[in-house]
1. Do we have any residue at all in segment 394-401 that's surrounded by 10 or more Cβ atoms within 10 Å (Cβ to Cβ), touching a strand residue (DSSP E or B) at 6+ places or on another chain (Cβ under 9 Å), modelled with pLDDT of 80 or more and part of a strand (DSSP E or B)?
2. Before we move on, is residue 432 in a loop (DSSP other than H, G, I, E, B) and modelled with pLDDT of 50 or more?
3. Within segment 148-185, how many residues are surrounded by fewer than 20 Cβ atoms within 10 Å (Cβ to Cβ) and either part of a helix (DSSP H, G or I) or not assigned by TED's automatic domain parsing to the domain that holds residue 230 (or both)?
4. Considering only segment 201-217, I want to know if a residue exists there that is outside any helix (DSSP H, G or I), closer than 21 Å to residue 85 by Cβ and in contact (Cβ under 8 Å) with a residue 24 or more places away in the chain.
5. Looking at segment 6-22, which of the residues that are under 42 Å from the mean Cα position of the chain (by Cα) and surrounded by fewer than 18 Cβ atoms within 10 Å (Cβ to Cβ) is nearest to residue 66 (Cα to Cα)?
6. For the structure I just gave you, tell me whether residue 319 is surrounded by fewer than 16 Cβ atoms within 10 Å (Cβ to Cβ) and either out of contact with any strand residue (DSSP E or B) (no Cβ under 9 Å at 6 or more places or on another chain) or not in a helix (DSSP H, G or I) (or both).
7. Under 28 Å from residue 285 (Cα atoms), free of Cβ contacts under 8 Å to residues at least 12 places away in the same chain and either outside any loop (DSSP other than H, G, I, E, B) or outside the structural domain of residue 292 (by TED's automatic domain parsing) (or both) - does that describe any residue in segment 340-351?
8. With respect to residue 299, is the statement that it is surrounded by 15 or more Cβ atoms within 10 Å (Cβ to Cβ), touching a strand residue (DSSP E or B) at 6+ places or on another chain (Cβ under 8 Å) and under 30 Å from residue 439 (Cβ atoms) true?
């Protein structure tokens, strides 16, 4: 079964002769039945590709004792350790599942219940109504017993309430694995519900059915995830597998299952080597924000319109969100949204249904002095009734520049030249040098230092 779903020679399977199909052979599993090295347990050691794995199956307490190697679920659980160890990080590595939040026990349980589920007689709602347990035989329980995990695997939260929160207090490693398998089991039934089809023969990977699709995604996800993965890494790898294999057709079914158990889009994994630093999140919102402006460049004292395009992801509505933008000190708010003049924050309430977009625009004006702060090179207050020394007044007519007190920017005087009825070239030139520096600034003049009725020309030396 596992070969059909992608655990092939190239992927690093356990095979004596690889038949020229890639990978390294001569690594069939050495399985020990009724191993005397322990009781009430089993294990699987996984070297890198080309070296044989070893499975040790123990006896379980009871009268009489139960033989672990005849419990199909336990055998498959242990073999899956070899699969997950070979696939995670690639077949040349065998130590990529040593971190605290690793999900190896979860994959083991998942493959166990996937292979032993009676798919031929399953209905679309069995995930919620028929809980599954593992280890019933070795623990001396009947087929409907509780098994050896804290909860049975079931999509009904009343039967199995586990979420990502429980990882911080769960037993290591089996308790953490139980949470992971719970999520994968939920995901499987979400996909079954979406397709409306169950493959009655899970060994046929090419047959249609949500159960086969889910198993392919889990197998491919292990290949894609990084070494030392945590829950968020595993989620993202399965989403990536869905994009590769099915063009994202089951994106929402996957994401909703993870979000329901606390590994939503707002969840944070923290360090995969810690089981207590995660942030649990139940959201399926995958919003996107694109900010544009109506001009690529703008002058001082001119306006710029900023437009925020918010798009809700395909799996969840954006409800009661707040879009905010803090204005820098070099602009003045003009319009759009709700503006707080104290905090200088423009805000918009955001409510968008899944798959749709909305535009939110606001306008600001660029303050004077933003690009080139004013530089005062010199100042002449015109203190006298005659033109100050350092200035030279010339004219081609009898009308010339004078010091006048009729109107001035800084009283009492200003330079003034009348507007004669004949052509006149009236000039006021400074006789002193003005240092402009290495990067000469733009020059501007206040209205009032020079006053002329119609036109004036000022030349700087």
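The values are calculated or read from the model by the stated rules, or taken from the named source; none is laboratory data. It should be emphasised that the depicted structure is a prediction, and the values quoted were computed from it without experimental measurement. Using ideal geometry, Cβ is built from the backbone for each residue, glycine included, and neighbour counts are taken over all protein chains shown.
1. Yes, segment 394-401 has at least one match.
2. yes
3. Selection size over segment 148-185: 4.
4. Checking segment 201-217: not a single residue is outside any helix (DSSP H, G or I), closer than 21 Å to residue 85 by Cβ and in contact (Cβ under 8 Å) with a residue 24 or more places away in the chain.
5. The qualifying residue nearest to residue 66 (Cα to Cα) is 8.
6. Spelling it out, residue 319 is indeed surrounded by fewer than 16 Cβ atoms within 10 Å (Cβ to Cβ) and either out of contact with any strand residue (DSSP E or B) (no Cβ under 9 Å at 6 or more places or on another chain) or not in a helix (DSSP H, G or I) (or both).
7. yes
8. So residue 299 does not fit the description; no.
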